[in-house]
Amino acid sequence: MKPLQLQQELIAYAKSIGVDKIGFTSAAPFRDLKNKLRIQQELGYQSGFEESDIEKRTEPKLLLEDAASIIAIAVAYPSKMKNAPQGKRGARRGIFCRASWGTDYHTVLREKLALIEAFLKEKVPGCRIRSMVDTGELSDRAVAERAGIGWSGKNCAIITPEYGSYVYLGELITDLPFMPDEPIEDQCGDCTLCLDVCPTGALVQGGQLNAQKCVAFLTQTKGFLPDEYRGKIGNRIYGCDTCQTVCPKNKGKINWLHDAFQPDPEIAKPLLEPLLTISNREFKEKFGHISGSWRGKKPIQRNAIIALAHFKEEAALPTLIKVFQQDERPVIRGTAAWAIGKIGGDGAKEVLEKGALIEKDEEVQFEIQKGLDLLLAQK
């Protein structure tokens, strides 16, 4: 079969299995990206979740010998929730970012990539393919940009004309030769809204992110959240969408296209207080199918505590006190102590002072003192 004919058939097949965009590029090195990644590493701007070997991230032929092409795919996800519940006093809610609504996108995209792989191997027996989503060595965004899926926005997201930046990305490296697509011209222009509203100033400049300051990264860490960020995450318990929601290119991009990504409102916007005492089993049963559960319940619980403090939710104090007094994990116990001080109320000082007398963990003692200082500042 001629390469061009195969390419046309693949495009049609991809559409039939729910791939919203497909693009093609060569397997040439990503030279510009290599330089950018070196700068990011030197500045300490990387999250630590990505592949550390810059050569593997930028040299496709290190990942698949005789690689000729890379096939990029994009699948859109919704920006709006149907029947979204509203939090209120006594029943405050947290929010998972849109990329964590519905079924874990890694699962969905891997299934689509496996179908594409099977399609190609049936058409060209013996062809070699390697696919990846998010956790692979290559930069999904760099591949998508070069393959014409969208342009790389100032918010460091790929922005597509059709679906905005609300797209999941994946790719397949193959030894099959395909005609490369033309990249899309950058359409951000002079707009700097995403830079202006980033809660922590993590967007250093257009196209450059200090991941260590990014709320999306911070909500996934497992230790104590640094003080300077506790007032910034609001009720976000996983991820952050601010730089996407303000983007003019996302206006009107609702993307209710795939049932798998339609969120259950009670999971995407869960009540905060019940999260504090949820068991491992309950957490896995309720949240295990979403991408936001990948770090386990501890970061979500810590963030939920911070969110309750953000709301100054006095009705949650009995649960926070229980967590402070009984939870075995220092990060959760200590964050609860800080939150009790932040919220205040009758008995808060006595609870913290009693806890300080028996607490053996130094970091938790430090958080108790922070809580007591906050109570003192409220007088």
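Residues satisfying the criterion are present in region 94-102 (criterion: at positive phi and under 16 Å from the mean Cα position of the chain (by Cα)).
Filter region 13-29 down to residues that are among the charged types (D, E, K, R) and not in a loop (DSSP other than H, G, I, E, B) and give me whichever is nearest to the chain's Cα centre (by Cα). Lay out the reasoning, then the answer.
Of all residues in region 13-29, those among the charged types (D, E, K, R) come to 15, 20-21.
After this cut, where a residue has to be not in a loop (DSSP other than H, G, I, E, B) as well, the list is 15, 21.
On the way: LYS15: 26, LYS21: 21 Å.
Applying the filter and picking the extreme gives LYS21.
ARG141 meets all of the listed conditions (1) assigned to a loop (DSSP other than H, G, I, E, B); (2) surrounded by fewer than 21 Cβ atoms within 10 Å (Cβ to Cβ) but one, namely (1). When the criteria are applied in full, SER279 fails the requirement of being touching a residue at least 40 places away in the same chain (Cβ under 8 Å) and of a type in the set (Ser, Thr, Tyr). Scanning region 112-138 for residues that are of a type outside the set (A, V, I, L, M), closer than 23 Å to GLU50 by Cα and surrounded by fewer than 15 Cβ atoms within 10 Å (Cβ to Cβ) returns a single hit, THR135. Tallying residues that are in contact with a Ser or Thr (Cβ under 8 Å, 6 or more places away or on another chain), more than 11 Å from ILE267 (Cα to Cα) and in a helix (DSSP H, G or I) within region 84-120 yields 10. When LEU115, LEU193, LEU120 are screened for being at pLDDT 95 or above and either touching a strand residue (DSSP E or B) at 6+ places or on another chain (Cβ under 9 Å) or closer than 15 Å to GLY23 by Cα (or both), only LEU120 passes. Could you go through region 197-218 and let me know if any residue there is touching a Gly at 6+ places or on another chain (Cβ under 7 Å), within 21 Å of ASP134 (Cβ to Cβ), surrounded by 23 or more Cβ atoms within 10 Å (Cβ to Cβ) and at pLDDT 95 or above. No: region 197-218 contains no residue that is touching a Gly at 6+ places or on another chain (Cβ under 7 Å), within 21 Å of ASP134 (Cβ to Cβ), surrounded by 23 or more Cβ atoms within 10 Å (Cβ to Cβ) and at pLDDT 95 or above. Residues in region 53-65 that are out of contact with any helix residue (DSSP H, G or I) (no Cβ under 8 Å at 6 or more places or on another chain) and at pLDDT below 95 were compared, and the one that is farthest from LYS112 (Cα to Cα) is ASP53. Among the residues of region 197-209, at least one is closer than 23 Å to SER47 by Cβ, in contact (Cβ under 8 Å) with a residue 40 or more places away in the chain, under 22 Å from the mean Cα position of the chain (by Cα) and in a helix (DSSP H, G or I). Applying the criterion of at least 2 residues that are closer than 20 Å to GLN301 by Cα and hydrophobic (A, V, I, L, M, F, W, C) to the helices (runs of 4 or more DSSP H) found wholly in region 329-379 leaves 330-343, 362-377. In region 77-90, what residues are in contact with a helix residue (DSSP H, G or I) (Cβ under 8 Å, 6 or more places away or on another chain) and of a type outside the set (S, T, N, Q)? Of everything in region 77-90, those that are in contact with a helix residue (DSSP H, G or I) (Cβ under 8 Å, 6 or more places away or on another chain) and of a type outside the set (S, T, N, Q) turn out to be TYR77, PRO78, MET81, LYS82, ALA84, PRO85, ARG89, GLY90.
The values are calculated or read from the model by the stated rules, or taken from the named source; none is laboratory data. No experiment lies behind these values; they were computed from the predicted model shown. All Cβ positions, even for glycine, are placed from backbone atoms using ideal geometry, and neighbour counts span all protein chains on display.
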